[in-house]
Amino acid sequence: MSSSTPIVTLAELPAFMGRLADKIRRSGFAPDVIVYVESGARLPAAHLCGELRLGAVPVRAGRPGRGIKRLLAPLARALPRGLTNALRRVEESSGVHARTGRRVEFPVAYDFRGRTVLVVDDAADTGGTLAAVKGALLGRGVESGRLRCAVLAATTPPGRAQADFYVLELNSVLPWSTDSAERRTALALMAEAKLPAP
């Protein structure tokens with residue numbers, strides 16, 4: 001990974017999501033519902049709902065230790081960009097997230113049997129979240145041939161192995177990242193976003 005971490009702004013997000021939607025359409029995969037990972041994928045999923053004219057169902061896929069990361073967020077924002085980029089690379093290469101399980105919950109009742117499903121997350125680092133969500137959907141009756149995953153950034157080979165569609169290949173600062181200058185605005189937009197039901 002280069003020492004420069006790409007920064008995606010809120011103004012650029014629609015164009016990135018348009019590129020992702022184009023990749024999905026060109027592949028011939030035609031989902032009839034989006035399942036998005038709360039809450040980091042809410043804005044990307046909202047854009048894809050508009051681009052693909054689909055409804056969406058949320059899923060929560062948490063891993064132990066997320067509370068610690070949230071507590072350290074103010075410190076991360078205060079660090080120089082070069083140091084936060086280095087910390088991202090250490091976290092990414094450590095494999096720590098590959099060793100932690102995910103708890104998957106569907107807060108909204110939905111019958112997935114017979115559906116063609118696109119799972120949407122903001123990024124795939126280890127691919128663990130996507131794998132856990134895919135496993136949960138297979139357990140709810142989705143056929144493997146009718147299930148694909150899309151992310152804005154697939155940052156490692158394991159992440160790219162789980163993501164069928166992605167735009168960026170580097171760990172990136174997304175508008176809602178802890179060290180993004182737009183984080184507060186992005187979080188407010190996430191809270192306001194109303195995704196259409198399928």
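The values are calculated or read from the model by the stated rules, or taken from the named source; none is laboratory data. For clarity, every value in this text was computed on a predicted model and none was experimentally measured. Methodologically, a virtual Cβ is constructed for each residue, glycine included, from the backbone with ideal geometry; neighbour enumeration extends over all protein chains shown.
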Exercise for review: Please list, ordered by first then second residue, the pairs with beta carbon atoms under 9 Å, 6 or more apart or interchain, first in the stretch 5-16 and in a loop (DSSP other than H, G, I, E, B), second among the basic types (Lys, Arg) and modelled with pLDDT under 95.
Suggested key: 5/81; 5/88; 5/89
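Could you tell me which residue of the stretch 159-179 is surrounded by the fewest Cβ atoms within 10 Å (Cβ to Cβ), considering only residues that are within 16 Å of the chain's Cα centre (by Cα) and more than 30 Å from residue 144 (Cβ to Cβ)?
Restricting attention to the stretch 159-179, the residues satisfying the condition of being within 16 Å of the chain's Cα centre (by Cα) are 159-178.
In the following step, the residues that additionally are more than 30 Å from residue 144 (Cβ to Cβ) were identified as 173, 175-178.
Details: 173: 22, 175: 23, 176: 23, 177: 24, 178: 16.
Filtering first and then ranking leaves 178.
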Study note, to complete from the structure: Restricting attention to the stretch 160-198, the residues that are modelled with pLDDT under 95 and within 19 Å of residue 128 (Cβ to Cβ) number exactly 5
Review point. Counting just the residues of the stretch 21-42 that are more than 21 Å from residue 112 (Cα to Cα) and touching an Asp or Glu at 6+ places or on another chain (Cβ under 8 Å), which one comes out surrounded by the fewest Cβ atoms within 10 Å (Cβ to Cβ)?
Key: 27
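Could you list, in sequence order, the residues of the stretch 1-55 that are basic (Lys, Arg) and farther than 24 Å from residue 191 by Cα?
Residues of the stretch 1-55 basic (Lys, Arg): 19, 23, 25-26, 42, 53.
The answer is 19, 23, 25, 26.
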Revision key, fill the gap. Exception for residue 87 within (1) at pLDDT 90 or above; (2) assigned to a helix (DSSP H, G or I) falls at (1)
Check your understanding: Checking residue 136 against (1) part of a helix (DSSP H, G or I); (2) among the small types (Gly, Ala, Ser); (3) surrounded by fewer than 18 Cβ atoms within 10 Å (Cβ to Cβ), which test does it fail?
Key -> (3)
Practice item. Go over the candidates 53, 70, 102 one by one and state the one that is at pLDDT below 90 and loosely packed, with under 15 Cβ neighbours inside 10 Å. Key: 70
Study note, to complete from the structure: Within the stretch 141-157, residues being out of contact with any Asp or Glu (no Cβ under 8 Å at 6 or more places or on another chain) and not small (Gly, Ala, Ser) number 5
